[in-house]
1. Name the trypsin sites (Lys or Arg not before Pro) in the range 201-264 that are in a loop by DSSP and that have at most 11 other C-beta atoms within 10 Å, would you?
2. Put SER127, SER171 in order of accessible area, largest first, 1.4 Å probe: what do you get?
3. Count the net charge of all other residues whose Cβ sits under 11 Å from the Cβ of LEU189, scoring Lys and Arg as +1 and Asp and Glu as -1.
4. What net charge is computed for the residues neighbouring GLU137, neighbours being all others with C-beta under 14 Å from the C-beta of GLU137, Lys and Arg scored +1, Asp and Glu -1?
5. Provide the per-residue ³J(HN,Hα) series for the range 128-136, in order, calculated from phi with Karplus coefficients 6.51, -1.76, 1.60 and θ = phi - 60°, each as a whole number of Hz, with x at glycine and proline positions.
6. Which shape class applies to the range 155-247: rounded if a/c is under 1.5, otherwise prolate when a/b exceeds b/c and oblate if not, where a ≥ b ≥ c are the square roots of the Cα gyration tensor eigenvalues?
Amino acid sequence: MFSTRNIITGLVSTVALMASVSAHAGSMPFMPRGEGVGAPMGFADLCRRDLATCGLPSGQLALMGLTTSSSPALTSSVGATTPHQFDAAPTSLNDEPLEAAAPTVLAEPAAAPLNADMANAEAAAVSATLTWMGQGEREQLKLLNRVNQAVNRDVKKANDFDLYGQPEYWSLPRLVDGKLYGDCEDYALEKRRQLIAAGVPESALSLAVAVTARGESHAVLMISLKSGDWVLDNLTPWATPWEDLNYRWVERQVPGTALWTSAA
């Protein structure tokens with residue numbers, strides 16, 4: 001069940017889409033959504049064990065349907081890389097945990113009418129999203145490209161089995177011998193963390209899963225600007241409009257929530 005904030009966030013996206021139609025005639029700048037689907041298996045597992053990195057309040061875990069099967073697709077894409085050998089899976093998330101900024105915490109989903117505090121939180125989230133989407137896109141893209149390139153440079157590609165002895169394990173990049181390692185979803189989570197720390201509202205950010213031209217299941221970070229949905233990808237240095245990537249889009253998170261939908 002969608003909370004009031006989910007509905008308002010959707011309305012914000014719709015307003016932004018309508019405002020940008022004239023600049024994108026014949027295109028679809030915002031990714032259309034399909035029906036609700038289960039969260040990817042790795043994301044659901046992340047939220048069970050590490051709510052801070054997951055970025056959700058505990059009350060939203062039930063929205064992922066954790067008592068039922070989540071999406072089984074493994075997002076293990078790392079692109080071309082030299083294999084790395086690591087020690088056995090760590091007992092903690094990283095051998096040396098990253099110093100992470102605390103993510104924005106959403107209000108708990110409510111079946112009852114919103115109280116004053118929750119209503120204020122909803123209004124603040126909408127205000128932050130509108131402020132972000134009303135800013136100059138040139139400066140926004142500079143920030144996105146800077147973070148995308150920095151994370152792509154600083155994190156070395158390694159798959160989950162080599163890092164953790166598991167086929168699927170979503171986390172922030174793992175620090176091994178002074179170097180950071182991870183696969184596609186780890187890059188996306190670190191970019192999300194850095195953008196939130198830089199002041200980007202969580203309601204403008206979402207994770208997404210696609211299939212690449214090579215047939216690999218692949219996770220990326222998506223961000224909504226006034227002109228449309230853009231992708232930060234560990235396989236390219238530049239923020240890219242979602243339509244410009246040769247991917248088959250599978251599913252996408254509803255920004256800032258435990259809910260996921262298929263890509264229509």
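1. ARG214
2. SER127, SER171
3. -2
4. For residues surrounding GLU137, the net value is +1.
5. 5, 5, 5, 4, 4, 6, x, 7, x
6. Here the range 155-247 falls in the oblate category.
The values are calculated or read from the model by the stated rules, or taken from the named source; none is laboratory data. Here the structure is a predicted model, which means the values were calculated and not measured. When we count neighbours, we look across all protein chains shown, and the Cβ atoms used for this are built from the backbone with ideal geometry, even at glycine. In case anyone asks, the SASA skips ligands and DNA or RNA and just uses the protein heavy atoms, side chains included. Shrake-Rupley method; radii C 1.70, N 1.55, O 1.52, S 1.80 Å.
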